Each structure stands twice: as structure tokens, then as C-alpha cells.
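Step one of this worksheet: look at the structure below.
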Amino acid sequence: MIKKNAERIISELPSYVELVAAAKFTDTVQITEAIQGGVKIIGENYVQEAENDFKDIGNKVKWHFIGHLQRNKVKKAVKIFDMIETLDSQRLAKTINKESAKIGKIMPVLIEINSAIEENKSGILPEGLDDFVKSIIDLPNLNIQGLMTMGPLSDEPQDIRPYFKKAKNLFDRVKDKYADKLDFRYLSMGMTHSYKVAIEEGANIVRIGTAIFGNR
Ligand SMILES: *Cc1c(COP(=O)(O)O)cnc(C)c1O
């Protein structure tokens with residue numbers, strides 16, 4: 001079932017859109033089925049879970065961190081992940097930079113945007129994005145490649161559309177402003193119920209869990 005789900009979704013995505021299979025609360029058997037269905041990127045919310053999965057599965061796929069990253073987990077995270085999608089503070093940026101430098105890695109990151117300005121959500125506020133980029137742009141072991149957003153929780157994907165639009169506008173602005181300094185190219189937004197709308201609004205990474213793995 002998981003393999004079929006993955007195959008179907010991949011066949012329906014435009015070719016420029018990358019699928020991250022959001023694997024929280026799965027096991028390596030389920031992840032392996034998704035890989036057999038063509039999944040190339042696994043999204044992990046927890047460093048501990050990722051370590052276990054990585055031990056079994058290794059480098060035959062890419063690993064994206066999509067949860068809230070605590071600074072005391074960064075040392076482990078930079079070893080495993082090919083991208084950290086949820087950079088949401090200057091302190092975290094500095095820690096990622098430092099730990100990546102120690103292992104000789106330049107860490108691809110996306111900046112998480114709190115696009116709906118929700119109090120209980122992490123992410124940089126839209127109005128603070130320019131200053132945030134300025135504050136981290138010279139960290140040598142970060143490669144800032146784009147933006148990620150969750151958008152508000154809603155059963156109605158059309159309600160999320162304005163926030164996806166907003167994220168795309170912010171993405172275009174930063175991309176233009178720093179065209180000579182950054183390789184800014186990824187906009188990660190959209191989950192099981194919202195990925196089609198997100199793609200219409202410019203996403204080129206979608207993070208899908210339930211539609212692949214079922215309800216966990
Ligand atoms: C779980 C999760 C997803 C996938 O959500 P589904 O609705 O199961 O597709 C995407 N992004 C993040 C950050 C998640 O934690």
C-alpha cells in the first residue's frame with residue numbers, strides 16, 4: 001500500500017517538484033516500502049528517530065530535518081541530514097554553522113517562515129525576514145537555499161492559499177535581493193491536504209506523510 005501510494009503521488013507531481021516523505025511515527029519497514037515506491041527524500045521531525053532510521057537505511061536516500069531543532073541536538077543532526085528545513089533563529093544558525101564547521105560540512109538550510117503569524121508556531125515572522133537573512137548570511141558553513149512554511153492548520157486547503165502566496169512573495173524578494181550571494185531555489189510548502197494548492201502557489205518541495213504512510 002505504501003509503495004503504491006508513493007508511486008501514485010510521484011507520478012502526479014510536476015517533474016520539478018521534489019517529494020519529501022514525512023516519516024514521523026513510522027518504522028524502517030514502512031520507510032523502505034516508500035523508497036521502493038520511488039521516494040528519494042525522507043523527512044524526519046526527531047533527531048533520535050532519524051538516527052535509528054539512518055542506521056538501517058543510510059545514504060541511499062537524502063534526509064531532510066523538518067521538525068523543531070533544539071540546539072543540543074544539532075551536533076547529531078548535522079551528521080545525518082542533507083538539509084535542515086526549519087532554521088528559525090539566529091542562535092540555531094550559529095550552532096549549526098559551528099557544528100558543521102567541525103565536521104567540514106556546508107549545511108544546506110531553509111529558513112522557516114511563520115507565514116500566518118501564529119503565536120504558538122515557530123518560524124521567522126515575515127516582517128523580520130530581511131533582517132534575519134542579513135544576520136546569518138555571512139556564516140560560512142551554512143548554505144541558505146530557500147524558505148519553508150507550514151501555514152495554518154485547516155481542513156480547507158483554500159484557506160491556506162493566501163499564506164502560501166505570501167511565502168512565495170517573500171521567497172521571490174529574498175531571491176532577487178541576494179541573487180549574487182545566495183543559491184536561493186527551494187520553497188518547501190504543502191502537506192497531504194494542501195500540497196496541490198501549494199504547488200499552484202509556487203512550491204517546489206512538498207512534504208507528504210499521511211497520503212503515503214496512512215494514519216499513524
Ligand atoms: C507531519 C509533517 C508533514 C506531513 O503532514 P501530512 O499531513 O501527514 O502529510 C509535513 N511537514 C511537517 C513539518 C510535518 O511535521
On the accessible surface of the stretch 102-216, probed at 1.4 Å with all protein chains in place, carbon and sulfur together account for a percent value of 49 percent
For the stretch 1-80, the percent of accessible surface on carbon and sulfur atoms (probe 1.4 angstrom, ligands and nucleic acids excluded) is 50 percent
Using alpha-carbon positions, the gyration tensor of the chain gives root eigenvalues a ≥ b ≥ c; with a/c under 1.5 called rounded, otherwise prolate if a/b exceeds b/c, else oblate, the class is oblate
Per DSSP loop assignment and a cutoff of at most 13 other beta carbons within 10 Å, the chain keeps its longest run without exposed chymotrypsin sites (Phe, Trp or Tyr not before Pro) at 26-216
Counting only protein heavy atoms and rolling a 1.4 Å probe, one gets per residue an accessible area for the chain in Å² of 48 Å²
From the Cα centre of the stretch 16-68 to that of the stretch 87-101, the distance in Å is 22 Å
Zone reached by a paramagnetic label modelled 7 Å from LYS175 Cα along Cα→Cβ, restricted to the stretch 189-216 with backbone N below 19 Å, covers 189-191, 195-207
Note to self, the chain gives a 222 nm [θ] from helices alone (DSSP H runs n ≥ 4, -39500 (n - 2.57) apiece, / all residues, nearest 500) of -12000 deg cm²/dmol
Here the relative contact order (percent) of the stretch 118-216, from C-alpha pairs under 8 Å and at least 6 apart, is 24 percent
Sparse-neighbourhood loop hits (trypsin sites (Lys or Arg not before Pro), the stretch 17-91; DSSP loop; Cβ within 10 Å at most 15 others) -> LYS24, LYS40
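The values are calculated or read from the model by the stated rules, or taken from the named source; none is laboratory data. Source: prediction; values computed, not measured. All Cβ positions, glycine included, derive from the backbone under ideal geometry; neighbour counts span all protein chains shown. With ligands, DNA and RNA removed, areas are computed over all heavy atoms of the protein, side chains included. Shrake-Rupley method; radii C 1.70, N 1.55, O 1.52, S 1.80 Å.
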